[in-house]
Amino acid sequence: MPRVLLAALALCLAAGAAADDPADVVRTAEPAPKAAAKPPAKPAAKKPVAKAPVKPTWAELTAEQQQILSPLKDDWANLEVERRKKWIGIAKRYPKMKPEEQARVQRRMQAWTKLTPEQRRQARESYKNMAKMPPDKRGDRRQQWADYQSLTPQERIELEQQEKKKR
């Protein structure tokens, strides 16, 4: 029974990762504008607005922060201000962490950089949902995830195929 629940959880996560983002769907059913007596005036040409770089830039980080956050270097320019602040906060706490915690942070940063923007969005959403759950349910989910992680790659494939047949 736990494997079935675990499989369902894994497939839900996988299906969500593969789903198209509704924001990307082009809406074609917009009502046609009514015929006007005279053509609309052309809008004034807009001047291109130069965006100010989001602060802090990679170059503005201290050498220690750059070293700690090095897995994020290539993505840094694309991160929003809030995300940068969170990573800088982690970098500030990093020196006080135990070596095994530091290694875990580095592994997670490297894994994070390999995710697509959609997978990152889903990970954030899952984290928020998990934080809202009662502690006892969180423990159940963690156990289900641990059970799934203990499956061999072949067992995971078989489980996924079983779930596809059910749909």
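Every number here is computed from the coordinates shown, using simple stated rules; none is lab data. Model, not experiment: these values are computed from the prediction.
Numbers at a glance
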| item | result |
| --- | --- |
| Computed over the stretch 52-167, Kirkwood Rh from alpha-carbon pairs, angstrom | 17.0 |
| When each of Lys73/Lys132; Lys92/Lys128; Lys114/Lys166; Lys114/Lys165 is checked by Cα-Cα distance, pairs over 27 Å | Lys73/Lys132; Lys114/Lys166; Lys114/Lys165 |
| Potential lengthening between Thr62 and Glu158 on full extension [0.36 nm per residue; Cα-Cα distance subtracted] | 29.7 nm |
